[in-house]
1. So in the stretch 56-76, with the set limited to residues that are loosely packed, with under 11 Cβ neighbours inside 10 Å and part of a helix (DSSP H, G or I), which one is modelled with the lowest pLDDT?
2. Here is a list of conditions, (1) away from the ligand (no atom under 16 Å from the Cβ); (2) surrounded by 14 or more Cβ atoms within 10 Å (Cβ to Cβ), and Arg53 meets all of them except one; can you say which number that is?
3. Looking at this structure, is Arg53 modelled with pLDDT under 90, over 30 Å from Ile106 (Cα atoms) and either assigned to a helix (DSSP H, G or I) or touching a Gly at 6+ places or on another chain (Cβ under 9 Å) (or both)?
4. When you go through (1) over 25 Å from Glu107 (Cβ atoms); (2) touching a helix residue (DSSP H, G or I) at 6+ places or on another chain (Cβ under 9 Å) one by one for Gln21, which number turns out not to apply?
5. Return the residues of the stretch 1-29 that are hydrophobic (A, V, I, L, M, F, W, C) and part of a loop (DSSP other than H, G, I, E, B); say none if nothing qualifies.
6. Given the conditions (1) within 11 Å of the ligand (Cβ to nearest atom); (2) farther than 30 Å from Ile106 by Cβ; (3) of a type outside the set (A, V, I, L, M, F, W, C), and given that Thr83 satisfies all but one, which numbered condition is not satisfied?
7. When the residues of the stretch 18-34 are narrowed to those that are surrounded by fewer than 15 Cβ atoms within 10 Å (Cβ to Cβ) and within 23 Å of the chain's Cα centre (by Cα), which ends up farthest from the ligand (Cβ to nearest atom)?
8. Take Gly11 and decide whether it is exposed (fewer than 14 other Cβ atoms within 10 Å of the Cβ) and either touching a residue at least 24 places away in the same chain (Cβ under 8 Å) or within 16 Å of the ligand (Cβ to nearest atom) (or both).
Amino acid sequence: MARCGFIKASGERCKGTATGQNGLCWAHAPENADQRRRMASRAARSKPNRELRDVKALCEDLTERVLAGDLLPGPAAVANQLTNTRLRAIEQERKNKETEDLEARIEELERGQEAQEAGAWRGAHSSNRKGG
Ligand SMILES: [Zn+2]
């Protein structure tokens, strides 16, 4: 089977199998760009949710252990600080992904508008010809 012809930023050739007529794999074929973006934005939304569940579970566990006397207040305080840091990192990551997602959507809207304007111009032009 043919190999994807996409060359990565590292200069390495993609190891995917070419599926499209353009000799590119699914991940690199331009016709799949919309679907890829939709999948990426879904993944971006679900990953922090998973991480938040982990953090909540960890907090519960720490709380129980402190109350049961299994964990000293000192280490528990450090664990709490680290958990807070992790929460901030998750939130920052979520914001970054959200911004990227919005940027992609704005770009798409702008491209759509440009295409529409070009189409409107062509339409006006051809109707002028028809009339004259
Ligand atoms: Zn590829």
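1. The selected residue is Pro73.
2. The single condition Arg53 does not satisfy is (2).
3. yes
4. For Gln21, the failing item is (2).
5. Scanning the stretch 1-29 gives Met1, Ala2, Cys4, Phe6, Ala9, Cys14, Ala18, Leu24, Cys25, Trp26, Ala27, Ala29.
6. That leaves (1) as the condition not met.
7. So, considering only residues that are surrounded by fewer than 15 Cβ atoms within 10 Å (Cβ to Cβ) and within 23 Å of the chain's Cα centre (by Cα), the one farthest from the ligand (Cβ to nearest atom) is Asp34.
8. Details: exposed (fewer than 14 other Cβ atoms within 10 Å of the Cβ): yes; either touching a residue at least 24 places away in the same chain (Cβ under 8 Å) or within 16 Å of the ligand (Cβ to nearest atom) (or both): yes.
Here the answer is yes, as Gly11 does meet what is asked.
The values are calculated or read from the model by the stated rules, or taken from the named source; none is laboratory data. Quick caveat, the model's predicted, so the values are computed rather than measured. Note that each Cβ is placed from the backbone with ideal geometry, even for glycine, and that neighbours are counted across all protein chains shown.
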